[in-house]
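The values are calculated or read from the model by the stated rules, or taken from the named source; none is laboratory data. Note that the structure is predicted; figures quoted are calculated from it, not measured. Methodologically, a virtual Cβ is constructed for each residue, glycine included, from the backbone with ideal geometry; neighbour enumeration extends over all protein chains shown.
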Amino acid sequence: MRFRNLLLFIFIICWASLMRTSAQQWVVPDDQKGKVAPFMFSPDLQKQGEGIYTKNCVSCHGMPGKDNWVKQLSPPPGDLAMVKAQKQSDGELFYRITTGKAPMPEFRNILSEDERWWVISFLRTFNPKYVQPNPAGKGVFTGKVVKLQMTYDSVQKKVKVFATELTKERTMVASEGIGIMLFVKRYFGNMQLGDPKTTGKQGLVLFDFPTDLPGDKEGKVELICRVNDASGSISSSPVTSTYAIGVPTNKPGLTETRAWWSTRDKAPVWIILAYTISVIVVWSIIISIVISVIGIRKLNRT
Amino acid sequence: MDNNKTTFEKLTLDLSHHIRINKGFLVWMGFLTVALCVCLYAYGLQLKQGLGVAGIRDYVSWGIYLSNFVFFVASSLIGMLISAVLGLIGVKWITPLVRIAETIAVAFAAVAGLVIISDMGRPERLAYVFIYGRVQSPILWDVTVVTTYLVLSILLLFLPMIADIAILRKKAQLLPAWLRPIYNVLSLNYADTPEQNRIIHRSIRTLSIILIPAALSIHTVTSWLFAFTTRPGWDSTIFGPYFVSGAFVAGCAAVIIAMYFFRSSYKLQDYIQDLHFDRMGKVLVLMCLIYLYFNINEYLVPAFKLKKADALHLHELFSGGEALMFWLVQLGGLVLPIILLIFSWFRRPLPMMLISIAVIVGAWFKRYLIVIPTQEHPFLPIQHVPANFMVYSPTLVESLITIAPFILVLMIITIISKFFPVIPIYETAKERGIEPFNSDK
């Protein structure tokens, strides 16, 4: 027992020190700390943010102010209404949501930039002292306004993304040198397909679509393309389209068919039969014996 | 023949004189009742405050309640070995022991279900097991087979007793007045007619045959509650026979202890003879050897491979925190009894009774070692938990609630043995060449 306690102690010390160092390492780069939201937070956006928060964050962090976060996780996720979270700048929160750090997932490809800001706007409602800094680039946006179009070329079996940009003359022309990322939607978050590519002179990029990617029953997959813009100098919206180009996959869910682990009404037929028949056979023998034994009362004549 | 008649009179008197309420019975039952009340008070605390009063926590959620359940199911299996297996083979010397074995089976099987209820935080939801139970779950199978086995055991206790009840009903002066109406009903007008005997013998035979698979099922299914998981110490293909063979060890020991006390307190020395102890001693050695064989398989095979999770578990048993209990159980409760019982000197009543107590205590702690240590080593440890989640230690309340079923078993055995003859009168008379219903002829 003593030896085990010692081992446990050493294990806890090692684990704790490991967690300490890794917790310290999550440093937000200085240029990201000052980042501010591109719009003013409003009750509408906070409501949107709450919806996203309950879907993506609440499972570990709990509801802010309720102190119902998952205490077993390491490093502890903590209650986001607490000072430790609220004293961080918007830029720091945005960076942490975007990049994640195990066990927290990165939301870079799960939530759009706007959605991440909405979550922050929701979190700030738990901080009465919070005053939002002036939104970034309000009034003067000097970057490019880019519009994406996505198509699937069934002959070449490639996904085509065409980027156009708004000129000063308010016309749309093909946009060269724009980094484009392609994703496919999956159960949790999006999976990136290939590396980011840069548009050529025609404003065009081609992505190979893998031949073995599973789709739904009809092979449908949802593709998302977006601009890969780290500097924030491009304004654009991601484009989503669904194409029947995946491998049709009709796998019933694990609990949809009869299985050992399913609910009672989905029990395997052989178990129902084996159980019912055994019970009926044994209990009919028992009942018939009881009846015949009670019957010996009337057989009292030698 | 007068001689036969006197012999039969003496035999009937010898085997029925304990059927009465005397001072000893009242003192003994009074003691058991007071002890039971203390235990029920503990259970009241648990009902009021919840399962937190027991030492079970998130890691070890099956504590001594569950190991006690396994022990009770195990002990009840002896009915099947003695009355069904040996009875169907036609072994003659078991005649005076059959009813003792069946009484033990009925008592332990009846209480086993109650032991499970003590592990339930919301016992008033017991009916949900039947209403919402999944037919795929070994828990539902367990409930089904334990109930079936209990009914089979009650019938196998009662059917061979009908003749005795009828004999004693005719000799009403041997019975306390309040018991006579009960005997009148239970005798079922039995008068040793060929037709009645045919029905009873056929019923006993059929019941004995279905008792064997039923008994194997109850303990195999109980073992599956563990073996259907992948946890170290439980993830074993031989858990069914391992449990069944261990059950016979515990059951044999229980029968020997009961034999000893019935023999001395009911003065049955002429009927439960040294020969019966000698034979039961040999049966116990055989069962212990089979169980030892399964133990060697159960521990040596994973110990040779020492897979990571198994290694943690086995080191804990062999040389870690549970080592003292483990080796006491294996050596004191299994190996030493085997060695001693090989010598005929130890197969006499008193040494056998003492050895059987060691065996049965070992059998109880063996269930502890099967159920608890595995849970202290989960595959995915919970982080930041209090220390009392990781190491299980039963509380006083929990221990009292665990003692209650033993008191109930003793009460049931005492009451059955005070209402009905412990040793079959009819069969004993027949074996001695007397026709019980025509002894004056």
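Remarks
- Residue match in segment B:427-439 (condition: in contact with a Phe, Trp or Tyr (Cβ under 7 Å, 6 or more places away or on another chain) and at pLDDT 90 or above): yes
- Within segment A:221-261, the residues that satisfy the criterion of being away from chain B (no Cβ under 14 Å), over 22 Å from A:Gly177 (Cα atoms) and either among the β-branched types (Val, Ile, Thr) or in contact with a Phe, Trp or Tyr (Cβ under 7 Å, 6 or more places away or on another chain) (or both) are A:Val221, A:Thr242, A:Tyr243, A:Ile245, A:Val247, A:Thr249.
- Segment B:125-173, residues that are small (Gly, Ala, Ser) and in contact with a helix residue (DSSP H, G or I) (Cβ under 7 Å, 6 or more places away or on another chain): B:Gly133, B:Ser153, B:Ala163, B:Ala172
Residue-wise test of (1) more than 26 Å from B:Thr229 (Cβ to Cβ); (2) away from every other protein chain (no Cβ under 14 Å); (3) in a loop (DSSP other than H, G, I, E, B).
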residue	(1), (2), (3)
B:Leu314	no, no, no
B:Gly321	no, no, yes
B:Val329	no, yes, no
B:Leu336	yes, yes, no
B:Ile339	yes, yes, no
B:Pro351	yes, yes, no
B:Ile355	yes, yes, no
B:Ala358	yes, yes, no
B:Ala363	no, yes, no
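- The lone exception for B:Ile131 - which of (1) more than 30 Å from A:Val293 (Cβ to Cβ); (2) hydrophobic (A, V, I, L, M, F, W, C); (3) away from every other protein chain (no Cβ under 11 Å) it fails: (3)
- Selection within segment B:10-28 - within 25 Å of B:Gln173 (Cβ to Cβ), in contact (Cβ under 8 Å) with a residue 24 or more places away in the chain and not in a loop (DSSP other than H, G, I, E, B): B:Leu11, B:Thr12, B:Leu13, B:Asp14, B:Leu15, B:Ser16, B:Gly24, B:Phe25
- For B:Trp178, the criteria (1) over 16 Å from the mean Cα position of the chain (by Cα); (2) touching a residue at least 60 places away in the same chain (Cβ under 8 Å) hold in every case but one, which is (2).
- Remark: A:Arg124 matches the filter, which requires a residue to be modelled with pLDDT of 90 or more, more than 21 Å from the chain's Cα centre (by Cα), under 22 Å from A:Phe41 (Cα atoms) and of a type outside the set (Asp, Glu).
- Among the helices (runs of 4 or more DSSP H) confined to segment B:137-253, the ones with at least 2 residues that are buried (at least 19 other Cβ atoms within 10 Å of the Cβ) and of a type in the set (A, V, I, L, M, F, W, C) are located at B:138-158, B:162-170, B:194-227.
- Test: residue in segment B:322-345 that is surrounded by fewer than 17 Cβ atoms within 10 Å (Cβ to Cβ), within 20 Å of the chain's Cα centre (by Cα), free of Cβ contacts under 8 Å to residues at least 12 places away in the same chain and more than 15 Å from B:Leu289 (Cβ to Cβ): no
- Number of residues in segment A:102-155 that are surrounded by 13 or more Cβ atoms within 10 Å (Cβ to Cβ) and on the phi > 0 side of the Ramachandran plot equals 1.
- Residues of segment A:262-288 satisfying the condition of being loosely packed, with under 10 Cβ neighbours inside 10 Å and either in contact (Cβ under 8 Å) with a residue 60 or more places away in the chain or facing chain B (nearest Cβ under 10 Å) (or both): A:Asp265
- Applying the criterion of at least 2 residues that are modelled with pLDDT of 85 or more and under 16 Å from the mean Cα position of the chain (by Cα) to the helices (runs of 4 or more DSSP H) found wholly in segment A:26-116 leaves A:43-56, A:58-61, A:90-99.
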